[in-house]
Amino acid sequence: VTSPRVGIALGSESDLPVMKGCVELLRRLEVPFDLEVVSAHRTPERAREYARTAAERGLRVLIAAAGGAAHLAGVLAAGTDLPVIGVPLDSSPLSGVDALYSTVQMPAGVPVATVAVGEFGAKNAAVLAARILALSDPAVGERLRRFRREMEESVAKANARARKEVGL
Ligand code: RP5
């Protein structure tokens, strides 16, 4: 059994549906991951502990997803030297602008690599984590190249469909 290399932390169970896009892509890229609900606000001690022990648990990249006043990614980045990817979620009445600003605007010295709000970000967090791992794991790099080829093929098919649709 390969130990998890990517740790996904969710601010709430309600963040899981959109983060399934992240999970699916990590599975497709065959990147072993772990997933936990850890709230920066409701379980601050647990969030600190999660960050403090992440590297010794074998994790190499953390993905933190949260909505609203989203501080999870920043709190994790404050407590570990691992790279932290923040996924701002549109789970509040402010449609993710709140989470985006909370996640992206970190003070100098404590970086969070912030991806797009919501579904795009959930998926891109997985690809970015895989790219980081690929720096030291050629097998992940090969799977990323396969993933790129599959995207190219799917765009080529979409192009053919669109042209046919308009009679070209
Ligand atoms: C954030 O508040 C969570 O990350 C979630 O996006 C949002 C709502 O959480 P719940 O009230 O559904 O637990 O902390």
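The values are calculated or read from the model by the stated rules, or taken from the named source; none is laboratory data. Worth saying up front: this structure is predicted, and the values here are computed from it rather than measured. So basically every Cβ, Gly included, is an ideal-geometry build from the backbone, and we count neighbours across all protein chains shown. Just the protein is used for accessible areas: all its heavy atoms, side chains included, with ligands, DNA and RNA removed. Shrake-Rupley method; radii C 1.70, N 1.55, O 1.52, S 1.80 Å.
From the square roots a ≥ b ≥ c of the eigenvalues of the alpha-carbon gyration tensor of region 107-168, which class results: rounded (a/c under 1.5), prolate (a/b over b/c), or oblate? Before the final figure, lay out each step's value.
Details: a/c = 4.53, a/b = 1.74, b/c = 2.60.
In terms of gyration-tensor shape, oblate.
If we count every other residue with Cβ under 14 angstrom of F147's Cβ, Lys/Arg +1 and Asp/Glu -1, where does the sum land? List each step's numbers first, then the result.
Details: positive: R27, R28, K123, R131, R143, R145, R146, R148, R149; negative: E24, E30, E142, E150, E152, E153.
Net charge around F147: +3.
Straight distance only, please: which aspartates and glutamates reach the Cα of K20 with their own Cα at less than 14 Å, same-chain residues fewer than 8 apart left out?
Hits, sequence-local ones excluded: D34, E36, E119.
When the accessible area of the chain is split by element with a 1.4 Å probe, what percent falls to carbon and sulfur? Before the final figure, lay out each step's value.
Working: 5200 of 9500 Å².
Of the solvent-accessible surface of the chain, carbon and sulfur hold 55 percent.
As an exercise, use a Förster radius of 30 Å and the Cβ-Cβ distance of D81 and L16 to find the FRET efficiency, rounded to the nearest 0.05.
Working: r = 27 Å, r/R0 = 0.91.
Using R0 = 30 Å, I get an efficiency of 0.65.
Restricting to the chain, compute how many DSSP beta bridges are antiparallel as a %, nearest 5.
Working: 0 of 18 bridges.
So the antiparallel bridges in the chain amount to around 0 percent.
Residue by residue through region 49-61, what is 3J(HN,Hα) from phi via Karplus (6.51 cos²θ - 1.76 cosθ + 1.60, θ = phi - 60°)? Round to whole Hz and write x for glycine and proline.
Running phi through 6.51 cos²θ - 1.76 cosθ + 1.60 with θ = phi - 60° gives 5, 4, 5, 4, 9, 4, 5, 5, 7, x, 6, 10, 9 Hz.
How big is the shadow of the Cα convex hull of region 1-154, averaged over all directions, in nm²?
On the way: hull surface 36.4 nm².
Averaged projected hull area, Cα only: 9.1 nm².
Just to confirm, what accessible area per residue do you get for the chain at 1.4 Å probe, in whole Å²?
57 Å²
Using amide H atoms built in the peptide plane, which far-off residues or other-chain residues are under 5 Å from L89 H to H?
Correct list: A66, G67, G68, G118.
Once you've got the GNM for the chain with C-alpha springs shorter than 10 Å, pick whichever of L59, L94, L144 has the biggest mean-square fluctuation.
It is L94.
Taking Cα centroids, how far is region 12-49 from region 63-131 in Å?
If we compute the Cα centre of each part, the gap is 12 Å.
Could you state the angle between the C-alpha long axis of helix 138-165 and the longest principal axis of the C-alpha atoms of the chain, as a value from 0 to 90 degrees rounded to the nearest 10?
The helix 138-165 is inclined about 50 degrees to the chain.
What's the extension gain from D34 to D137 if we count 0.36 nm per residue and subtract their Cα-Cα distance?
35.2 nm
May I ask you to rank T53, T2 by accessible area, largest first, using a 1.4 Å probe over the protein chains only?
Details: T53 20, T2 100 Å².
The ordering from most to least exposed comes out as T2, T53.
Counting only helical runs of four or more DSSP H residues, what would the 222 nm mean residue ellipticity of the chain come to if each run contributes -39,500 (n - 2.57) and the total is spread over all its residues? Numbers along the way, then the final one.
Values: 6 runs with 82 residues, N = 168.
-15500 deg cm²/dmol, from helical runs alone.
Loop only per DSSP, at most 13 neighbouring Cβ atoms within 10 Å: give me the GluC sites (Glu not before Pro) in region 1-110, ordered by residue number. Please report the intermediate quantities before stating the final value.
Values: sites: E13, E24, E30, E36, E45, E49, E56; in loops: E30, E56.
Passing sites in region 1-110 are E30, E56.
Amide H neighbours of I8 under 5 Å, at least 5 residues apart or on other chains, H built in the peptide plane: list them.
D34, L35, E36, I63
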